[in-house]
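Worksheet: the structure to be examined is printed underneath.
The values are calculated or read from the model by the stated rules, or taken from the named source; none is laboratory data. From a predicted model like this one, the values you see are computed outputs, not experimental measurements. With ideal geometry, Cβ positions are generated from the backbone for all residues, glycine too; neighbour counts draw on all protein chains shown.
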Amino acid sequence: MPPSPVPLFGRRSFLAGALGVSGGALAAEGPLQVPVWSREQGRGVASPGYGVPSSFERLARKPRTVPAFPGAASTSTPHQHLHGTITPNGLHFERHHGGVPAIDPGQHRLVVHGLVARPLILTMDDLVRFPSVSRLHFLECSGNTPAWQTTNPAWTVQDTHGLLSCAEWTGVELATLLDEVGVKPEASWLLAEGADAAAMTRSLPLSALDGAILAYAQNGEALRPEQGYPLRLFLPGLEGNLSIKWLRRIKLGDRPFQTREETSKYTDLMPDGTARQFTFTMEAKSVVTTPSGGHQLKEPGAYEISGLAWSGRGRITGVEVSVDGGASWRPAVLQEPVLSRCLTRFRLPWRWDGGPALIQSRATDETGYRQPTREALVAARGTNSIYHYNGVYGWQVAAGGSVRHVA
Amino acid sequence: MWRETVSRAAILAVCLIFAGPASADPLGPHRLGRPATPDAIAAWDIDVRPDGAGLPPGHGSVAEGRTVFAARCAACHGEAGQGGAADRLVGGQGTLASAKPVRTVGSFWPYATTLFDYVRRAMPFDAPQSLSDSEVYAVSAYLLHLNGIVPADAVLDAARLPAVAMPNRAGFVPDARPDMTTP
């Protein structure tokens, strides 16, 4: 069943006109009154000590489908209701394979061993004493956007692009720790392993570690449990599964370890039956978040088209927007600063004439790569890849103002 | 903190006495952490590679695996590994290039060692890391037998498991992207 249409701001019908209240609606409201919240004191400080959103906001992560195993599932970020580029910590997408462990940071340990000169066991107290860095990066599950084979007009951008979030990550550069243990010359890969019930493991070539962080903080506070508290690997621009959460062990080796997650999962099946392996990079991609699936435009007039663009290969250099199904494209304005391997907000003023409109976006990154059409993607990879779908995506505005996904 | 500082000083002193200052310093430039000796990390050092590195002692037969599977795995994966609430594990060979590929241990997984590694670290879902190493060998043998890869009398151990020939061993290729040009 399709979700009921929602306004562009908030969840309350009386706020629906924030971006487009009709003259008739204004007249119906009558003269402005002085509301009760202007005539009495509000609540005091520290109520609660850790602040929460307004009671008028009802944002939540949610799974696209009801999972068979709640601990081996995902929930997605509600981009249709968010602004800017930073994902609030409580709305960062989740993907777990063995649930969210409740780890006592005092008992957590990181082991670094294998082909190293000085194998070490480190406590969290040890780790926060190393030189640290803070960097803004997106994280995207390679299974984001389930559009290789299926489509559903009821999908919102949360359903189609919600396995994507962006945060400031703070921690120790992996390179710093590798210097500490002294990587032997014959080492060329490492294994990263989590302390969760899946003991999640992935292999990484040492050549793919540019900018890697052992992160213990997210947007200024300790990692949320769903994001790997107290310690995760964070690999900018690479498929999310590689950024091992609840990180407990790093082992240096001279070849890939061929774990379950890098053979039977997270590999991309091609039409000839072979599977591409170690497809790490998240290629350039974009999506319009306003207006998007499930939104309801109240009336013809002024709107802002807004969305997100990102690339695992560096900075976004341009985003083009079409409102006529790709017949013509106009450059959107990119919000500065445009950062490497980070979400970039784009915007374009738009006047809706009240008729049907097919809204799409396409991003280009600093390598010159431009986000492909669905047709180009399918021509190159068929429809069995499961992962790494980054095709141009469209939202159909109907004559009545309802917005739905179209393939 | 004080106790760790003392123990680090003691370690350093031992090194200076027995090895001299120029070799075998167990700590790095920041002098943080403690040495990860094989004994200290044995319970966590559980990864297994395709060449057999990391495989533990023990052994298991197809028949033993049938019993383990029925008790610990079949509720989610089906009595014969045909799938249920959890993944299908059996069949699908010859389907990977079709419109409806069926990815299973038999049709898709390139290494038998990966099966051992994954079962030992993450299964059964309701009690990970609760099977003995011999039980993991046994359930691996049973699943490989259900897929027609090893015979009914097979017994697997650290020497035999890496030698199992998986049907899709050659089915994986490196990342070929970017695989399209800007229109």
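Any idea which residue in region A:126-182 is nearest to residue A:267 (Cα to Cα), counting only those that are within 14 Å of chain B (Cβ to nearest Cβ) and among the aromatic types (Phe, Trp, Tyr)?
Filtering region A:126-182 for residues that are within 14 Å of chain B (Cβ to nearest Cβ) and among the aromatic types (Phe, Trp, Tyr), the one nearest to residue A:267 (Cα to Cα) comes out as A:148.
Need pairs with beta-carbon distance below 7 Å; first residue of a type in the set (D, E, K, R) and within region A:293-320, second modelled with pLDDT under 95; sequence gap 6+ or separate chains.
From region A:293-320, the pairs are A:298/A:16; A:298/A:17; A:298/A:20; A:298/A:22; A:299/A:20; A:299/A:22.
Of all residues in region B:35-53, which are facing another protein chain (nearest Cβ under 9 Å) and in a loop (DSSP other than H, G, I, E, B)?
Matches in region B:35-53: B:36, B:37, B:44, B:45, B:46, B:47, B:48, B:49, B:50, B:51, B:53.
Pairs only if they're at least six apart or on different chains, beta carbon under 7 angstrom, first in region A:373-400 and away from chain B (no Cβ under 12 Å) and more than 21 Å from residue A:303 (Cα to Cα), second hydroxyl-bearing (Ser, Thr, Tyr) and in a loop (DSSP other than H, G, I, E, B); list them, first residue then second.
A:389/A:145
Need a quick list: helices (runs of 4 or more DSSP H) entirely within region B:69-183 having at least 3 residues that are without any contact (Cβ under 8 Å) to a residue 40 or more places away in the chain and at the interface with chain A (Cβ under 10 Å from one of its Cβ atoms).
Output list reads B:112-122.
Having 1 or more residues that are of a type in the set (Val, Ile, Thr) is the bar; report the strands (runs of 3 or more DSSP E) wholly within region A:146-207 that clear it.
A:164-173, A:201-205
What's the number of the only condition in (1) within 14 Å of chain B (Cβ to nearest Cβ); (2) closer than 27 Å to residue A:164 by Cα; (3) not hydroxyl-bearing (Ser, Thr, Tyr) that residue A:91 fails to meet?
Among (1) within 14 Å of chain B (Cβ to nearest Cβ); (2) closer than 27 Å to residue A:164 by Cα; (3) not hydroxyl-bearing (Ser, Thr, Tyr), the lone unmet condition for residue A:91 is (1).
Out of all the residues in region A:236-260, which are farther than 18 Å from residue A:195 by Cα and assigned to a loop (DSSP other than H, G, I, E, B)?
Those that are farther than 18 Å from residue A:195 by Cα and assigned to a loop (DSSP other than H, G, I, E, B): A:236, A:237, A:239, A:254, A:255, A:256, A:258.
Given A:208, A:197, which one is of a type in the set (Gly, Ala, Ser), touching a Gly at 6+ places or on another chain (Cβ under 7 Å) and touching a residue at least 60 places away in the same chain (Cβ under 8 Å)?
A:197
Of all residues in region A:294-327 being of a type in the set (A, V, I, L, M, F, W, C) and more than 23 Å from the chain's Cα centre (by Cα), which is nearest to residue A:137 (Cα to Cα)?
Here the residue is A:323.
Any idea which of A:255, A:249, A:276, A:315 is surrounded by fewer than 24 Cβ atoms within 10 Å (Cβ to Cβ) and in contact with a Phe, Trp or Tyr (Cβ under 7 Å, 6 or more places away or on another chain)?
Every option except A:255 fails the conditions.
Considering only region A:48-56, I want to know if a residue exists there that is closer than 30 Å to residue A:336 by Cβ and touching a residue at least 40 places away in the same chain (Cβ under 8 Å).
no
Identify the residue in region A:272-290 that is over 20 Å from residue A:371 (Cα atoms) and part of a loop (DSSP other than H, G, I, E, B) and, among all such residues, is nearest to the other protein chains (Cβ to nearest Cβ).
Checked region A:272-290; the qualifying residue nearest to the other protein chains (Cβ to nearest Cβ) is A:273.
So how many residues does region A:343-368 have that are surrounded by 16 or more Cβ atoms within 10 Å (Cβ to Cβ) and outside any loop (DSSP other than H, G, I, E, B)?
To start, the set of residues in region A:343-368 that are surrounded by 16 or more Cβ atoms within 10 Å (Cβ to Cβ) comprises A:343-348, A:350, A:352, A:357, A:359-365.
Now restrict to residues that are outside any loop (DSSP other than H, G, I, E, B): A:344-348, A:350, A:352, A:357, A:359-365.
So the count comes out to 15.
Tell me which residues, restricted to region A:235-266, are among the hydrophobic types (A, V, I, L, M, F, W, C), touching a Gly at 6+ places or on another chain (Cβ under 7 Å) and more than 23 Å from residue B:43 (Cα to Cα).
A:238
Give region A:387-407 a look and list any residue that's hydroxyl-bearing (Ser, Thr, Tyr) and out of contact with any Pro (no Cβ under 8 Å at 6 or more places or on another chain), or say none.
Those that are hydroxyl-bearing (Ser, Thr, Tyr) and out of contact with any Pro (no Cβ under 8 Å at 6 or more places or on another chain): A:387, A:393.
Please determine, by comparing only the residues of region A:96-125 that are within 12 Å of chain B (Cβ to nearest Cβ) and charged (D, E, K, R), which one is farthest from residue B:41 (Cα to Cα).
Among those residues, the one meeting the criterion is A:125.
Looking at the structure I just gave you, is residue A:264 surrounded by 19 or more Cβ atoms within 10 Å (Cβ to Cβ) and either within 13 Å of another protein chain (Cβ to nearest Cβ) or among the polar types (S, T, N, Q) (or both)?
yes
From the list A:107, A:41, pick out the single residue that is in a loop (DSSP other than H, G, I, E, B), in the same structural domain as residue A:243 (by TED's automatic domain parsing) and either without any contact (Cβ under 8 Å) to a residue 60 or more places away in the chain or among the acidic types (Asp, Glu) (or both).
The unique qualifying residue is A:107.
Just for region A:158-188: of the residues that are hydrophobic (A, V, I, L, M, F, W, C) and touching a Pro at 6+ places or on another chain (Cβ under 8 Å), which one is surrounded by the fewest Cβ atoms within 10 Å (Cβ to Cβ)?
Ranking the candidates gives A:181 first.
Could you tell me how many of the residues in region A:63-100 are charged (D, E, K, R) and either at pLDDT 95 or above or exposed (fewer than 11 other Cβ atoms within 10 Å of the Cβ) (or both)?
First, pick out the residues of region A:63-100 that are charged (D, E, K, R): A:64, A:94-95.
Checking which are either at pLDDT 95 or above or exposed (fewer than 11 other Cβ atoms within 10 Å of the Cβ) (or both) leaves us with A:94-95.
Of the residues in that region, 2 qualify.
Of the residues that make up region A:53-74, is at least one away from every other protein chain (no Cβ under 14 Å), touching a His at 6+ places or on another chain (Cβ under 9 Å) and within 27 Å of residue A:312 (Cα to Cα)?
For region A:53-74, residues away from every other protein chain (no Cβ under 14 Å), touching a His at 6+ places or on another chain (Cβ under 9 Å) and within 27 Å of residue A:312 (Cα to Cα): present.
Mind checking whether some residue in region A:261-271 is over 16 Å from residue B:173 (Cβ atoms), touching a strand residue (DSSP E or B) at 6+ places or on another chain (Cβ under 9 Å) and part of a loop (DSSP other than H, G, I, E, B)?
Initial filter on region A:261-271 (over 16 Å from residue B:173 (Cβ atoms)): A:261, A:265.
From the residues that got through so far, the ones that are touching a strand residue (DSSP E or B) at 6+ places or on another chain (Cβ under 9 Å) too are A:261.
Narrowing further to those that are part of a loop (DSSP other than H, G, I, E, B): none.
Looking for residues that are over 16 Å from residue B:173 (Cβ atoms), touching a strand residue (DSSP E or B) at 6+ places or on another chain (Cβ under 9 Å) and part of a loop (DSSP other than H, G, I, E, B), one finds none in region A:261-271, hence no.
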